[in-house]
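The values are calculated or read from the model by the stated rules, or taken from the named source; none is laboratory data. As the structure is a computational prediction, the values presented were derived from the model and not from experiment. Ideal geometry is used to build each Cβ from the backbone, glycine not excepted, and the neighbour counts take in all protein chains shown.
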2 protein chains.
Amino acid sequence: MVGLLAALAFWTSGPRQPLLAEGERPNVVIIFADDLGYGDLGAYGHPTIRTPHLDRMAAEGQRWTSFYSQAPVCSPSRAALLTGRIHLRSGMFGRRQGVFFQDSHHGLPDGEITLAEALGDLGYATGIVGKWHLGHQPEYRPMRHGFDSWFGIPYSNDMDWQVPPGGEARRAAMFSPSIDYWHVPLMRDDVELERPADQTTITRRYAAEAVRFIREHRDAPFFLYVPHTMPHVPLFRSEAFADRSAAGRYGDVIEEIDWSVGQILDTLREEGLGERTLVIFSSDNGPWLSYRQHGGSAGPLRQGKGTTWEGGMRVPGIFWWPETIEPGVIREIGATTDLFTTIVPLAGGTVPDDRPLDGVDLSPVLFGTGPSLRDSMAFYRMGELYAYRRGPYKVHLVTQGRYGIGTERTEHDPPLLFHLGHDPGERYDLSAVRPDVVEDLLDAVESHRSGMTVAEPLFDVRGER
Amino acid sequence: MVGLLAALAFWTSGPRQPLLAEGERPNVVIIFADDLGYGDLGAYGHPTIRTPHLDRMAAEGQRWTSFYSQAPVCSPSRAALLTGRIHLRSGMFGRRQGVFFQDSHHGLPDGEITLAEALGDLGYATGIVGKWHLGHQPEYRPMRHGFDSWFGIPYSNDMDWQVPPGGEARRAAMFSPSIDYWHVPLMRDDVELERPADQTTITRRYAAEAVRFIREHRDAPFFLYVPHTMPHVPLFRSEAFADRSAAGRYGDVIEEIDWSVGQILDTLREEGLGERTLVIFSSDNGPWLSYRQHGGSAGPLRQGKGTTWEGGMRVPGIFWWPETIEPGVIREIGATTDLFTTIVPLAGGTVPDDRPLDGVDLSPVLFGTGPSLRDSMAFYRMGELYAYRRGPYKVHLVTQGRYGIGTERTEHDPPLLFHLGHDPGERYDLSAVRPDVVEDLLDAVESHRSGMTVAEPLFDVRGER
């Protein structure tokens, strides 16, 4: 009967409206890889990594080619995704520290409204399977931010090192990793399940937990957030994927994530939930290039993780919702910051009006009813605005590599100017030939800055608590 | 009736044999772009260039991710494609000149057997629509090498310059091109139709000629070779494609080529020839990076045209033959040199046994019956072996950029060693950690060299004849 109503809704409203009966809300699954680069999937042009499940997801849905994470590193990127706000507003940045560590004191402030809270208030079952990284002290964990359940790790898999200090030994450990080098706990809700987490099986266990969550909540609208631990170094994968990829250990890890995406999509199909579920795949930032073959690829884009070049923040963005999302390749601008503002209305809610939000509603593009409402992107590093994009043009006020690659900080006056349509690799500075565009962009930068509220940075306090 | 026989042949022999009746031979269309880079198509990951027809062709057929042109520049690459032989064997190289020019004396030797000759001998109608570049003197033109008809230009579209000499003026002319800057003739068979060729409409006219050729020969087996003039600089496109692409003028040009591919595939479908025609799309070498936004992109690969880095010779390779070619993404090695040796047997012939051939038969991969017979690739520049690949490993004996980009020539002893599966961008030299692999590869290099016959180089003689 639901099927019939859905079909009626489909035919009476045209193919570009959600295939749901009146009042029915879609399930939402967000799969969020860690340090996966723009060029790491088959559908995005990787020559050797095999990602048939993600490629199929992209072919059946929308593959966005100008989709951004809000930050070039982990914690701020996740804060923006879950709140719809640039991380400066929530204090999710530092002047000395880029992310939370195992001895950080703070976490995402209680006053922030996460997507899990917003959807929970609308009657959704909410679960997180994966890495949190927005504060691991009890008062900041997922259960305090709207999630009913959690299976995963509290911060990055390379934290709480047990191997000797000293650059070379640590670096060698990263390339020949053993799970006991990192004293990372695996949590179920607020209980520590194992420590160190057995990272070898973590992707496989995340897949199993995600499948179980979907089956358990098949009759309720649900929100499942799957922030993978991989492919952040150290790289681990289960036996079934070891030494299988032509792209080596990194390829093994991506292929296991791809398999796990297949598990989730297959489960949705088997449960008859495909047409009632929006699934999104993205990454928290670009590839960690300094780990060489253990890091990913930004494809044609410049630089990687930690930087405000395109390779640091432009990531895969795949949207899947059979019979509802208009399949295609989308070249308009979108960002992880837009997920909150897109999903809450789809769930029948309204976004908070007591605070500034930075996300837009991507529905017009998803459902083929109009152009993207986003035409700009702000690129922050350590709480400082380094670059700004509007339309095809991007200015760099400051450039700086990271992790040992071109790390000198350079301020540019006039700023560097690139046309990302003609030159996605940011190779050909146009500032001398298009000073008019530079001026326009600088005006836009000023306007952006004047609207930005900046909270006290919360990453910098570390040590004994 | 043919359809019924074809269906019987299909079902009795399994889905992996050509869908043709006994004795029926497939038509063959080879579309060969000029200077189109590995990363320039949507299906190969370009973020802004739209290539829906090539993307569909790739989705319906095989998209090869390790497919090579035999040379990093034009004339030798075309010689290898048409003869199945590395160009050194036919003298299609020079020690001082990389290609033929408008004042070159020589051309492809009469003794070479081209694919057009081989297929003509088997009763095929043969046509070339596009750029020849294997000798423009009357005795070397396409009509002397097995083609029944020719519509196109004899050498590159940037030759016979009419603009003042001097680097900057010439370079400026390239970025603001006008057709009368280059005194390039447009030929029909052996007759000069116009001079300078109106390059603005050349892609559109190539499409029309290709469509006409297919319709005229719909009842005969035919071989159509479409070596485009574009996207070699200077870039021209017709009104309908001007200023249409988000990727600028280069994008316009690629999108017009994509449209023309659509014209060819649509014509085959309309004429009911889709299931009887093998269509191949590739490029003669990598992108000409020194022309900045007027050059293409090698995507994740290093360097471009003129070099023996991957970006110079790895190119898109798309094979389409509905109901016969096993669709998929192919990560095995293939090369344009293999087209001769693949196609002649499909047409019912046998390849010449009176000369060494370098191509292999790609049929096992195309029809899903076995692995690729090619496991190596030799990278020559100006007749000198610079690099050699076997399996995933590649050694560089000599490296050198080109066209003003890192042009210093560097001999490497030991050679540089890269694992192209783990590191398609050739960033991480493994020679120090895998001397055993270097040794193996050097043995393979010696074995390759000992089998290589080298003719007198024919590009170097230029000037008054």
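Just so you know, in the range B:211-250 the residues that are more than 19 Å from B:ALA197 (Cα to Cα) and among the acidic types (Asp, Glu) include one that is nearest to the other protein chains (Cβ to nearest Cβ), and it is B:ASP243. Of the numbered criteria (1) within 14 Å of chain A (Cβ to nearest Cβ); (2) surrounded by 24 or more Cβ atoms within 10 Å (Cβ to Cβ), the one B:SER290 fails is (2).
Selection of the range B:407-447 for residues being part of a loop (DSSP other than H, G, I, E, B), under 23 Å from A:SER290 (Cα atoms) and under 28 Å from the mean Cα position of the chain (by Cα) yields B:LEU420, B:GLY421, B:HIS422, B:ASP423, B:PRO424, B:GLY425, B:GLU426, B:ARG427. Looking at A:GLY311, is it assigned to a loop (DSSP other than H, G, I, E, B), within 30 Å of A:TYR428 (Cα to Cα) and within 14 Å of another protein chain (Cβ to nearest Cβ)? Criteria not met by A:GLY311.
One line per residue, one yes/no per condition, for (1) under 20 Å from the mean Cα position of the chain (by Cα); (2) within 26 Å of B:GLY451 (Cβ to Cβ); (3) aliphatic (A, V, I, L, M):
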position: B:MET313; (1), (2), (3): yes, yes, yes
position: B:TRP320; (1), (2), (3): yes, no, no
position: B:GLY328; (1), (2), (3): no, no, no
position: B:ALA335; (1), (2), (3): yes, yes, yes
position: B:ASP338; (1), (2), (3): yes, yes, no
position: B:GLY348; (1), (2), (3): no, no, no
position: B:PRO356; (1), (2), (3): no, yes, no
position: B:GLY359; (1), (2), (3): yes, yes, no
position: B:LEU362; (1), (2), (3): yes, yes, yes
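Among the residues of the range A:390-406, which ones are in a loop (DSSP other than H, G, I, E, B), modelled with pLDDT of 85 or more and within 14 Å of chain B (Cβ to nearest Cβ)?
Taking the range A:390-406 first, the residues in a loop (DSSP other than H, G, I, E, B) are A:391-392, A:400-401, A:403-404, A:406.
If we keep only those that are modelled with pLDDT of 85 or more too, we end up with A:391-392, A:400-401.
Result: A:GLY391, A:PRO392.
Look at A:SER376 and say whether it is at pLDDT below 95, among the small types (Gly, Ala, Ser) and over 16 Å from the mean Cα position of the chain (by Cα). No.
Is at least one residue of the range B:151-158 assigned by TED's automatic domain parsing to the domain that holds B:ASP110, in a loop (DSSP other than H, G, I, E, B) and touching a Cys at 6+ places or on another chain (Cβ under 8 Å)? Yes, some residue in the range B:151-158 is assigned by TED's automatic domain parsing to the domain that holds B:ASP110, in a loop (DSSP other than H, G, I, E, B) and touching a Cys at 6+ places or on another chain (Cβ under 8 Å). Scan the range B:327-343 and give yes if some residue there is in contact with a Pro (Cβ under 9 Å, 6 or more places away or on another chain), away from every other protein chain (no Cβ under 11 Å) and not charged (D, E, K, R), otherwise no. The answer is yes; a qualifying residue exists. Inspect the range A:43-51 for any residue being at pLDDT 95 or above and more than 14 Å from chain B (Cβ to nearest Cβ) and give the result as yes or no. So far as the range A:43-51 goes, no, none of its residues is at pLDDT 95 or above and more than 14 Å from chain B (Cβ to nearest Cβ). Apart from one condition, A:PRO414 fits all of (1) at pLDDT below 95; (2) touching a Ser or Thr at 6+ places or on another chain (Cβ under 6 Å); the exception is (1).
Residues are listed down the side, and each one gets a yes or a no for (1) touching a helix residue (DSSP H, G or I) at 6+ places or on another chain (Cβ under 9 Å); (2) farther than 30 Å from B:ALA347 by Cβ; (3) touching a residue at least 60 places away in the same chain (Cβ under 8 Å); (4) surrounded by 23 or more Cβ atoms within 10 Å (Cβ to Cβ):
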residue	(1), (2), (3), (4)
B:HIS136	no, no, no, no
B:ASP160	no, yes, no, no
B:GLY167	no, yes, no, no
B:ALA172	no, yes, no, no
B:SER178	no, yes, no, no
B:ASP189	yes, no, no, no
B:ALA210	yes, no, yes, yes
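Answer yes or no as to whether A:HIS419 is modelled with pLDDT of 95 or more, out of contact with any Asp or Glu (no Cβ under 7 Å at 6 or more places or on another chain) and within 14 Å of chain B (Cβ to nearest Cβ). Against the criterion (modelled with pLDDT of 95 or more, out of contact with any Asp or Glu (no Cβ under 7 Å at 6 or more places or on another chain) and within 14 Å of chain B (Cβ to nearest Cβ)), A:HIS419 qualifies. Within the range B:293-302, the set of residues being more than 9 Å from chain A (Cβ to nearest Cβ) and either without any contact (Cβ under 8 Å) to a residue 12 or more places away in the chain or buried (at least 24 other Cβ atoms within 10 Å of the Cβ) (or both) comprises B:GLY296 only.
Of everything in the range B:25-51 that is closer than 17 Å to B:LEU268 by Cα and of a type outside the set (Lys, Arg), the residue that is surrounded by the fewest Cβ atoms within 10 Å (Cβ to Cβ) is B:ILE30. When we screen B:GLN17, B:GLN70 for residues that are at pLDDT 95 or above, at negative phi and not in a helix (DSSP H, G or I), the only hit is B:GLN70.
For every residue, the table says whether it meets (1) hydroxyl-bearing (Ser, Thr, Tyr); (2) closer than 21 Å to B:ILE264 by Cβ; (3) modelled with pLDDT of 95 or more.
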site	(1), (2), (3)
B:ASP284	no, yes, yes
B:GLY299	no, no, yes
B:GLY334	no, no, yes
B:THR341	yes, no, yes
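Would it be correct to say that A:VAL445 is closer than 26 Å to A:ASP358 by Cβ, surrounded by fewer than 18 Cβ atoms within 10 Å (Cβ to Cβ) and away from chain B (no Cβ under 14 Å)? No, not satisfied.
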